[in-house]
Each structure stands twice: as C-alpha cells, then as structure tokens.
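One structure below.
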Amino acid sequence: MKQRVAVIVPAYNEEYTIGGVVRNIKALGEGYHAIVINDNSNDQTSLIARQEGAVVIDLACNLGIGGAVQTGFRYAAANEYNACVQVDGDGQHPTDEIPYLFKTLVEEKCDLVIGSRFIVKTDYDISCMRKIGIQIISLFLRLSTGMSIKDPTSGFRAINMKAIGLFAKEYPQDFPEPESLIFAHKYRFKVKEVSIEMKNRMHGTSSITSIKAGYYMIKVLLAMFIALFKKL
Amino acid sequence: MLRMQIFVGLISLAFFLLTFEFIRKRILREEYAILWLFTSLFIAILSLWPQMVPLISKITGFYYITALLLIVTVFLIAMLMHFSIVISRIKDTNKELTQRYGLLELRVREMEQNMSG
C-alpha cells in the first residue's frame, strides 16, 4: 500500500517563511502532502502557500494553534492519510527530518513521535527561561503520567491513523502540545521521542515572550492538571 | 421610606427600559433577556411593596443586611458562572463551524478546479 503522509502546517501571518516550508515539504517526494492551515492571517500566507502548491485550508476566525492543527487532523481523517506530521510554519522545524519522524512512527509501531531538541546536544540556541519552563512541564508530565518526555512543548511531531482519528474528535485548544501528551497517556498511546536538530527562528518572534512566560507556565500546568481528569 | 421607594422604583424602571431597548436593538436575545426582565420586576415589587423585605426575613430567617447581601452575591456569581458556560459553548460551536467551513471551502474550490480544468 502506498503511504500518504499529511504534513500539517498551522500558519498565522507567516508570509516570509511559509513558501520555503511548503517547497521543502514538496521536495520530500510524492507521498508527502503539504496541508497549510491558514489561521485567519492578515497577510499573504494563504496566497503564497497556494502558489507553492500546498493544500490550503483558510479559517474564517482565528482559532489558535490547537484549533488550526485539529482542522488538519480532520482533513487527514477524511482523506484517508496513513499519518500526519505537524510542522510549524515559521521555518524553525527541519522539514528534511519529516521522513525520519514518519519512519520511526512506522518501524517502532508508535502512535506518536515527538521531534525533540534536547535528547542529544545540538547547536540549537534556546533561552534559559524557556529551558527551565520546559523542564518544569516535563517534570509535571513525569510525575502525573510517568511519561519521560524531555521536550513536551515541541510542535514537531508525527501521529498515526489511530491518533489522527482520536485527535480529530478531541484536541486541546490553548496549549495543545503538552496537554495532548496527557490525552495520549489516557488513550494509552505508544509515544517515542527522537532527537532533532532545530534551526533558530528566521522571522517573527516566538509566541511566548519572557514577560508572559510565568503566566504561560501557570496556565499550561493548570490545563495539564485538568486534562488528567477530563472526560475524553 | 418614600424617597427610597421612588429611588428603587426608578432603578427598576431604568433596568426594565434598558433590557427592553437591548432586545429591540437585537443586542440581547430574548432567552437571556427574560432573566433580566424578571430581575427588574423583582426590584419593582420591592419598591412598590417594601413590606416584602421583612416578610422575606421572617420566612428565611435572614434578619441582617449582610445576609441579604450574601444572597445577592451568590445570585450574581451563579449568573456569571452561567454566562461563562454559555460563552464556552459558543466558543466550541464557533470552533466547530470555522473548521467545517474551512474544510468545505477547500472542497468547493477543488471541485471548481476539477470542473474547469
């Protein structure tokens, strides 16, 4: 059976980087399809992605990262894809590692594979504050679920058909990456983390600034705590 | 006592007119307005028939204004909770609709391309 992988790219005002991301995905070969979810951008994101040959889903309202990614899962579920790989639209994730994530997903029979920044020391530069934050989230995840994930905030991940179906129905909205790992634990997914070399952001700034970092942490941990008790 | 009655009466009247105006201008849906119309009606009764307050005190056993304040506060908190639930539900349906609309738009676009191409 021919493998079809939906590469889901949530994008909000990424006109400078989206073209390159789509081109890189197309360069991966026939089985990989670029699905761009334009989260109601005010710029040329949608047009550029379409010109580069991506399948573009335009959202009429800004839903945030969770709602956007979930739209991609729904598309993948409806169009019978074998797997989804989620990639940021800002060009930060190395698209040439997508086949590696997919290969790990298939060969190790995982439900979810996370491309992580920390397993082996790479030259990715990350701020100290953020590192501590990620470690706290990681610790919380270990204590509450027993999962050992070094970078639970990584949005570079691959999921299989079973996970696509479940996430298409129910997916966290505000801080989907760490919270979805709690979902994964409750669904008893097989999760694996692999090391990926990350590039620095080329354009724009991270959606999390240092001032908001503390507030973000509290909200993420609270969302994760509640997710432990959520009815799925 | 009379001055206070007039004052409370004016409040309830203003409240009623405001609610009515909001429904008329379609800012407020009737289903939520009913709650506010009843609230203004309650205040109106209170102003027209101030003896109701000691009567309520006798029935409930709340003789102090602080106790009455507590009831009002609980009522308001319950209403705020109700609205948070309503907003959450609306956000969920909004998300669902936005996603479906986006997917449907894509399908229409693809069908149009297939037909013309």
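I'd like to check which helices (runs of 4 or more DSSP H) are fully inside the stretch B:25-117 and have at least 2 residues that are more than 14 Å from every other protein chain (Cβ to nearest Cβ), surrounded by 13 or more Cβ atoms within 10 Å (Cβ to Cβ) and aromatic (Phe, Trp, Tyr). Working first, answer last.
Numbers: elements: B:30-48, B:52-60, B:65-116.
Filter on the stretch B:25-117 gives B:30-48.
State all residues of the stretch A:168-184 that are within 13 Å of another protein chain (Cβ to nearest Cβ), among the hydrophobic types (A, V, I, L, M, F, W, C) and under 12 Å from the mean Cα position of the chain (by Cα); if no residue qualifies, say none. Give the derivation first.
Looking only at the stretch A:168-184, we keep the residues that are within 13 Å of another protein chain (Cβ to nearest Cβ), and these are A:168-174, A:176.
Adding the requirement that they be among the hydrophobic types (A, V, I, L, M, F, W, C) leaves A:168.
Matches in the stretch A:168-184: none.
In the stretch A:81-96, what count of residues is obtained for those that are assigned to a helix (DSSP H, G or I) and surrounded by fewer than 20 Cβ atoms within 10 Å (Cβ to Cβ)? It would help to see each step written out before you state the result.
Step one: of the stretch A:81-96, the residues assigned to a helix (DSSP H, G or I) are A:95-96.
Checking the rest, the ones that are also surrounded by fewer than 20 Cβ atoms within 10 Å (Cβ to Cβ) come to A:96.
So the count comes out to 1.
Out of all the residues in the stretch B:9-22, is one or more surrounded by fewer than 10 Cβ atoms within 10 Å (Cβ to Cβ) and either among the acidic types (Asp, Glu) or modelled with pLDDT of 80 or more (or both)? Outline the logic, then answer.
Taking the stretch B:9-22 and keeping what is surrounded by fewer than 10 Cβ atoms within 10 Å (Cβ to Cβ), we get none.
Scanning the stretch B:9-22, I find no residue that is surrounded by fewer than 10 Cβ atoms within 10 Å (Cβ to Cβ) and either among the acidic types (Asp, Glu) or modelled with pLDDT of 80 or more (or both), so the answer is no.
For the stretch A:139-164, enumerate the residues that are at pLDDT 95 or above and of a type in the set (Gly, Ala, Ser).
A:Ala158, A:Ala163 - these are the residues of the stretch A:139-164 that are at pLDDT 95 or above and of a type in the set (Gly, Ala, Ser).
Residue under question is A:Pro172, and the condition is that it be assigned to a loop (DSSP other than H, G, I, E, B) and either aromatic (Phe, Trp, Tyr) or buried (at least 17 other Cβ atoms within 10 Å of the Cβ) (or both); does it hold?
Details: assigned to a loop (DSSP other than H, G, I, E, B): yes; either aromatic (Phe, Trp, Tyr) or buried (at least 17 other Cβ atoms within 10 Å of the Cβ) (or both): yes.
Yes.
The values are calculated or read from the model by the stated rules, or taken from the named source; none is laboratory data. Bear in mind the structure is a predicted one, so any value in this text is a computation, not a measurement. Methodologically, a virtual Cβ is constructed for each residue, glycine included, from the backbone with ideal geometry; neighbour enumeration extends over all protein chains shown.
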